[in-house]
Amino acid sequence: MRIKSKWNKRAKPQSIEEIAKAVGFISWQIATNSLLELENNGYETNEQIQRLKIIQEFLIFLLQVADRLVYEQLNTEQRQLFITTLALHVADTLVDNQKDVGDFAGTDTFINLLNQRSEDYSELSFNNDEAGFDFLRYFGEQIAIILQDNHFVSQQIVDIEGPDVVEKLQKGIKGLFS
């Protein structure tokens, strides 16, 4: 998967909001590609709504990762602006896709779930730009609930998909902030 994470050399300096929207686009790419990887590895999805729920969990996970990756780069105000813009951007993209399949839950529903998951993730380990086992396990459990597969997909997330998406997002954020 190729991710464009560099600004045009002649472009003016980017605002926090523009960087957040670019990270949102990268997050969407990572989430949709990860869904395809799961399906290619034999984890069956039955309908578009289920696929969007998986993408939603990936987006929530990636938002948590993004928040931790920018923690030391941005001051409190900048970080709040960055995360709020990023959350609203991915929420809008998700809602647009939900409308296409007739399952319009709305931005507020996504934001409420994001806030709930944020509380849960806040107690889990993320050190040296790497998600801890408990952080990845929680994410895997959320995907397992959607797929109704309690063990194997969770292990796939912990061992392969989770670390892979963290690495991809790290590269994207690093490129956009440089």
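The values are calculated or read from the model by the stated rules, or taken from the named source; none is laboratory data. The model shown is predicted, which means the values in this text are computed figures rather than measured ones. Glycine gets a Cβ as well: all are built from the backbone with ideal geometry, and neighbour counts include every protein chain shown.
For the structure I just gave you, tell me whether Ile55 is touching a helix residue (DSSP H, G or I) at 6+ places or on another chain (Cβ under 7 Å), under 22 Å from Asp149 (Cβ atoms) and either among the aromatic types (Phe, Trp, Tyr) or part of a helix (DSSP H, G or I) (or both). Judged against the criteria, Ile55 is a match. The condition of being in a helix (DSSP H, G or I) and either farther than 19 Å from Leu52 by Cα or of a type in the set (Asp, Glu) (or both) holds for only one of Asp103, Asp149, Asp108, that being Asp108.
Each residue in region 60-101 was checked for being charged (D, E, K, R) and touching an Asp or Glu at 6+ places or on another chain (Cβ under 8 Å), and 2 of them qualify.
Among the residues of region 143-166 satisfying the criterion of being surrounded by 14 or more Cβ atoms within 10 Å (Cβ to Cβ) and among the charged types (D, E, K, R), which is farthest from the chain's Cα centre (by Cα)? Filtering region 143-166 for residues that are surrounded by 14 or more Cβ atoms within 10 Å (Cβ to Cβ) and among the charged types (D, E, K, R), the one farthest from the chain's Cα centre (by Cα) comes out as Asp149. Checking each residue in region 112-132 for being in contact (Cβ under 8 Å) with a residue 24 or more places away in the chain and farther than 22 Å from Ile173 by Cβ picks out only Leu113.
Would you be able to say whether some residue in region 164-177 is of a type in the set (A, V, I, L, M, F, W, C) and farther than 25 Å from Ile19 by Cβ? Looking through region 164-177, none of the residues is of a type in the set (A, V, I, L, M, F, W, C) and farther than 25 Å from Ile19 by Cβ. Evaluation of Leu81 against the conditions (1) outside any helix (DSSP H, G or I); (2) in contact (Cβ under 8 Å) with a residue 40 or more places away in the chain; (3) farther than 20 Å from Val165 by Cβ shows that the sole unmet condition is (1).
Can you work out which of the residues in region 118-140 that are outside any helix (DSSP H, G or I) and not acidic (Asp, Glu) is surrounded by the fewest Cβ atoms within 10 Å (Cβ to Cβ)?
Kept after step one, since they are outside any helix (DSSP H, G or I), are these residues of region 118-140: 123-132.
From what's left, not acidic (Asp, Glu): 124-128, 131-132.
Details: Leu124: 16, Ser125: 11, Phe126: 20, Asn127: 9, Asn128: 5, Ala131: 24, Gly132: 13.
Residue satisfying both the conditions and the ranking: Asn128.
The condition (being in contact with an Asp or Glu (Cβ under 7 Å, 6 or more places away or on another chain) and either of a type outside the set (S, T, N, Q) or part of a helix (DSSP H, G or I) (or both)) is satisfied by just one residue among Ile26, Ile49: Ile49.
What about Asp129, is it within 21 Å of Gln29 (Cα to Cα) and at pLDDT below 95? Yes, satisfied.
Taking region 48-94 as the range and being farther than 19 Å from Gln170 by Cβ and among the basic types (Lys, Arg) as the test, the residues that pass are Arg51, Lys53.
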